[in-house]
Amino acid sequence: MNQMAKPISHHEALIYAMVTLSAADRTMTDRELLKIGDIIRTMPIFADFEPDSLVQIASDCGVLLRDDDGLDNMIGIIRAALPPRLYETLYACAVEVAAADLHVDQEELVFLEMLRDGLDIDPLVSAAVERSARVRYRVK
């Protein structure tokens, strides 16, 4: 894979995770896309990110996902690009995108599980992140 040889930044890794989560059910909703934009605009990890590159990064992500082993390769690419201290941040970003629709599809749950396993996220940490999102997005 050509793209795999090219190292990606921590910003790209975070965006790859969010875009992959959004695309996991084959539908990228407006709410999910708005949430990705909101995360990029507001989270401190993106303070030095150049927003003009977002479309190209999302496009590169889509190319990688089209490969036969796209999801598995994506986890490896993400893991290689991030220091372990950012794994939980990445997981929290992905959960935020999943929660944006107020409904999480099975395919999104599978990708979240792949992230947890691939990044060795502590089960208590992932449960806390997921619970926090459920509480924030509850409507009644």
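For the reader, a short list of remarks on this structure follows.
- Residue in the range 52-70 that is open to solvent by less than 30 Å² (accessible area, probe 1.4 Å), closer than 30 Å to LYS140 by Cβ, assigned to a helix (DSSP H, G or I) and not basic (Lys, Arg) present: no
- Taken as a whole, the range 85-95 holds at least one residue that is touching a Leu at 6+ places or on another chain (Cβ under 9 Å), among the acidic types (Asp, Glu) and part of a helix (DSSP H, G or I).
- Of the helices (runs of 4 or more DSSP H) lying entirely inside the range 1-42, those carrying at least 2 residues that are at pLDDT 90 or above and crowded, with 21+ Cβ neighbours inside 10 Å are 10-23, 30-42.
- Checked against the criterion of being more than 14 Å from the chain's Cα centre (by Cα) and touching a residue at least 40 places away in the same chain (Cβ under 8 Å), the candidates ASP48, ASP30, ASP120, ASP67 yield just one match: ASP67.
- Taken over the range 87-113, the criterion of being surrounded by fewer than 18 Cβ atoms within 10 Å (Cβ to Cβ) and either farther than 20 Å from ALA127 by Cβ or not β-branched (Val, Ile, Thr) (or both) is satisfied by GLU88, LEU102, HIS103, ASP105, GLN106, GLU107, LEU109, GLU113.
The values are calculated or read from the model by the stated rules, or taken from the named source; none is laboratory data. Since the model is a prediction, treat every value here as computed from it, not as a measurement. Cβ coordinates were reconstructed from backbone atoms using ideal geometry, including for glycine residues, and neighbour counts include every protein chain displayed. Each accessible area value is taken on the protein alone, full model and side chains, heavy atoms only, with ligands, DNA and RNA left out. Shrake-Rupley method; radii C 1.70, N 1.55, O 1.52, S 1.80 Å.
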